[in-house]
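The values are calculated or read from the model by the stated rules, or taken from the named source; none is laboratory data. In this text, all values refer to a predicted model and were calculated from it rather than measured experimentally. Because the Cβ atoms are built from the backbone with ideal geometry, glycine has one as well, and the counts that use them run over all protein chains shown.
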Amino acid sequence: MKSTYIALLLLWSCSFGGDLLAQKGLDSLYREYYQLSLGEEEREYKTQLLGQIINQETYRRPALALRQIDSLTAIQCKYGSFQQCMDANYRIRGSYYAALGQKLQALKYYRTYIDSAEISSWSGGYFLIDVGNIYYNFNLDPLARKLYERAEKIFRQEQHQKGLSTVYGNYGLLAYKQDSLQAAIAYTRQAIFYQLQADTIPMQLAHAYTILGKMYEKSGDNEQAEKALNNGIQIFETHQDVSEYQQFKSYHLRAYAYLMGVYEQQGKTEKARYLLEEVLPSMEQKIVGIENIDYYLSIAQTHMQANNLAKAYLSLQQAESLLKGRESNSVRLSLDQAWAKYYQLSGDDKLAAKKWQANFKQMKEMRKEDSRSLSLSELLLQQEKDHMIQLQKQELQNAALQGYYVLAILFISLLVLLLISIFFWKIKAKNKILSNYAQIISRSNENKKTLLSVIGHDLRNPFNYLLYQSHILLERFQNEEGLVTYADLQQLEQSSKQIYLMMEELLQWVRLEDRDLSAHYQRENLCQLLDEVLEQEEDLLKQAAFNLHIELPKAIYLETDANLLKIIFRNMLMNAAKHSQAHEQIRLKATIEQNQLVVSIQNPGSLPKQTVENLRKEEQLERVFKGEGLGLRIIKQLSEQLGLSFEIAEGETGYVAASLRWPPHTPLKLEEAARQAHQLEDPKETYSPKFLSSLQQQNLLQFEIYEAQPLYAALQKVEQEQANPADQRLFQLLEDAVYEGDRQKLEELYEIINHAH
């Protein structure tokens with residue numbers, strides 16, 4: 001009964017393709033099939049026809065059907081999709097073996113299809129139910145339920161109510177098989193609920209009510225059993241004209257038999273007798289088939305309980321005639337038990353004993369059959385376990401392979417990122433170089449503009465004055481009274497010196513632009529550096545009649561670049577002298593204020609407050625540099641290179657201070673630094689040639705020390721007259737001193753030449 005219930009709930013076509021084709025004769029199917037080609041437009045319909053041919057030939061000529069399945073597989077694998085190829089090769093082939101009763105062979109193909117193909121549509125859900133039914137028949141309930149659950153998931157996604165009713169009906173059978181009556185009843189009621197929601201066949205609903213009534217009867221709930229059976233019978237009675245009734249008519253009679261048993265248990269004998277004597281006889285003529293033996297056994301049991309042995313005998317004879325030639329151990333056992341009970345009630349103990357003996361032999365045969373079935377189930381279970389183990393191994397291998405792929409992809413990604421990083425790093429480095437070049441070019445262009453501004457501004461006045469004085473002198477010499485006064489000559493000399501100083505600053509600035517301004521630090525005595533600068537500029541300061549007021553400690557010892565710092569001090573001093581008048585006082589101070597060294601050079605004068613504020617700004621200071629000359633620009637550029645700050649502000653009362661500040665907490669040493677500096681002083685290089693001629697000496701000494709170009713020309717002339725190798729060192733020193741503009745070295749060489757005999 002249980003297997004029949006599953007088969008009846010599963011009303012779907014396993015034929016391959018989309019819509020169901022109308023049932024046709026086999027000959028007409030062959031004619032239509034051969035008239036079609038494998039073109040794209042006709043191929044799909046032709047394969048559907050071949051599927052129907054296979055369904056019919058499976059039962060008539062199985063060998064031919066198998067060859068046709070091979071042809072269908074070849075067509076679908078060549079022209080169709082992967083899913084269609086899998087359907088033909090595994091699903092339809094498995095259905096072929098299942099139809100022939102070769103369940104094990106069918107499971108082999110079904111299992112491969114389930115593992116390989118994509119099962120998603122509602123037809124795939126019915127396929128899973130079909131495979132689950134095979135496992136159910138082999139008593140492999142866990143495997144069957146697993147497939148039912150997969151089918152349920154598909155039906156829920158597709159919102160297929162009819163499929164859900166089939167799944168829950170099978171859940172009910174599994175629970176009924178495990179004697180879980182309440183769970184079986186709940187599942188069956190849920191199946192009926194889904195059938196009511198779907199556009200289902202009425203016969204399926206009536207059959208479900210019949211099964212539900214039988215479950216209620218077994219659980220002892222006769223009232224609910226009567227209600228369910230009456231619902232089923234009513235549906236059967238009102239739909240006898242539908243074509244599906246012929247498949248379900250035996251369950252119509254069985255519903256009456258179950259209802260009659262319920263009435264007997266409830267004590268409603270009149271209703272039971274009415275069904276037995278009035279209703280059932282009129283229905284018996286419609287009963288044909290072994291599936292109705294259960295009905296006749298139920299009638300016989302009812303007659304024996306009513307002690308109507310004659311009618312019971314007729315019912316048993318009817319069941320015996322239906323079973324003849326169609327042996328079934330379970331049905332044979334039930335029928336022999338009914339005969340034994342009948343003979344026992346009739347008083348024929350010998351025949352009763354004979355039937356009980358036959359019943360015992362039948363039970364032994366059933367045990368053997370159950371044993372063989374159990375062995376087969378165990379074999380299937382072991383095969384399923386082996387298959388699952390193989391799948392797990394394959395999954396582990398795939399996971400390991402995927403891990404290797406992930407590592408390879410990660411390694412390649414890291415390598416690509418590294419190469420990209422190196423590429424961008426090189427681009428960044430090149431961009432930095434280009435940026436530096438751009439800054440150098442920009443600074444060079446700015447310096448050119450500054451040079452033009454300085455030349456146009458600072459040299460205009462001295463040259464104008466020289467031109468003016470030259471014009472005056474020419475006019476005076478043309479007159480008999482024209483005399484060159486001493487004051488005029490002093491003005492010319494002063495203008496000439498201003499021009500010379502301006503040219504020297506320009507040369508200094510050009511050299512600074514060309515050289516590497518990287519500072520080279522070493523321990524130096526700041527006071528000694530200031531003294532050296534004062535000694536170099538002593539003659540100029542004396543000629544200008546400036547008074548110097550110097551406030552310096554005995555020694556300030558620190559780490560600095562002596563050459564750059566001396567250039568800064570020299571330009572600060574020249575800037576102060578430039579803005580001072582004769583006999584005015586220039587103040588030079590070096591102090592430590594709040595752990596910060598400050599060197600200031602102050603000249604008389606005053607600055608408006610707004611001008612002082614503007615001078616602190618970068619842009620304003622640049623403009624002042626362009627208007628006032630290159631001295632301040634040189635100071636600013638070199639002080640930034642040394643990490644110092646330079647500012648012009650109001651100094652002491654009546655003075656303007658140009659201050660150079662070191663960063664706070666700069667390491668300084670005082671008194672002991674002076675003694676160490678004295679020990680570290682390098683001896684000055686001296687050279688005294690003894691063989692310069694008087695003419696050579698005169699040529700070298702006829703020019704002032706500060707007139708570098710004439711001195712350099714004279715040096716070249718002397719070298720041409722007598723290129724004595726002994727004097728090459730002297731000439732080289734003179735050339736370096738002239739090129740570098742080092743006044744101190746020029747004065748030393750001047751003394752050497754002056755005393756050369």
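Things to note:
- Test: R145 is surrounded by fewer than 23 Cβ atoms within 10 Å (Cβ to Cβ) and in contact (Cβ under 8 Å) with a residue 12 or more places away in the chain: yes
- Applying the criterion of at least 3 residues that are out of contact with any Cys (no Cβ under 6 Å at 6 or more places or on another chain) and among the basic types (K, R) to the helices (runs of 4 or more DSSP H) found wholly in the range 70-128 leaves 103-116.
- Options L128, L107, L72; residue that is buried (at least 20 other Cβ atoms within 10 Å of the Cβ) and closer than 24 Å to I201 by Cβ: L128
- Residue in the range 148-179 that is nearest to I114 (Cα to Cα), counting only those that are acidic (D, E) and surrounded by fewer than 16 Cβ atoms within 10 Å (Cβ to Cβ): E149
- Residue within the range 180-202 that is in contact (Cβ under 8 Å) with a residue 60 or more places away in the chain, surrounded by fewer than 21 Cβ atoms within 10 Å (Cβ to Cβ), within 29 Å of F127 (Cα to Cα) and not hydroxyl-bearing (S, T, Y) present: yes
- Of all the listed residues (L322, L280), the sole one being at pLDDT below 75, out of contact with any His (no Cβ under 9 Å at 6 or more places or on another chain), crowded, with 19+ Cβ neighbours inside 10 Å and over 25 Å from M215 (Cα atoms) is L322.
- Listed by first and then second residue, the pairs linking a residue in the range 67-87 that is under 13 Å from T47 (Cα atoms) to a residue that is of a type in the set (G, A, S) and surrounded by fewer than 20 Cβ atoms within 10 Å (Cβ to Cβ), with Cβ atoms under 9 Å apart and 6 or more places separating them unless they lie on different chains, are D87/G80; D87/A117.
- Test: residue in the range 240-249 that is surrounded by 21 or more Cβ atoms within 10 Å (Cβ to Cβ), at pLDDT 75 or above and of a type outside the set (A, V, I, L, M): yes
Okay, residues lined up against (1) at pLDDT 70 or above; (2) assigned to a helix (DSSP H, G or I); (3) surrounded by 15 or more Cβ atoms within 10 Å (Cβ to Cβ); (4) touching a Phe, Trp or Tyr at 6+ places or on another chain (Cβ under 8 Å):
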| residue | (1), (2), (3), (4) |
| --- | --- |
| L276 | yes, yes, yes, no |
| V288 | no, no, no, no |
| M304 | yes, yes, yes, yes |
| N307 | yes, no, no, no |
| S330 | no, yes, no, no |
| A338 | yes, yes, yes, no |
| Y343 | yes, yes, yes, no |
| A353 | yes, yes, no, no |
| W356 | yes, yes, yes, no |
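- Extreme residue, surrounded by the most Cβ atoms within 10 Å (Cβ to Cβ), among residues of the range 561-601 that are at positive phi and under 60 Å from the mean Cα position of the chain (by Cα): N595
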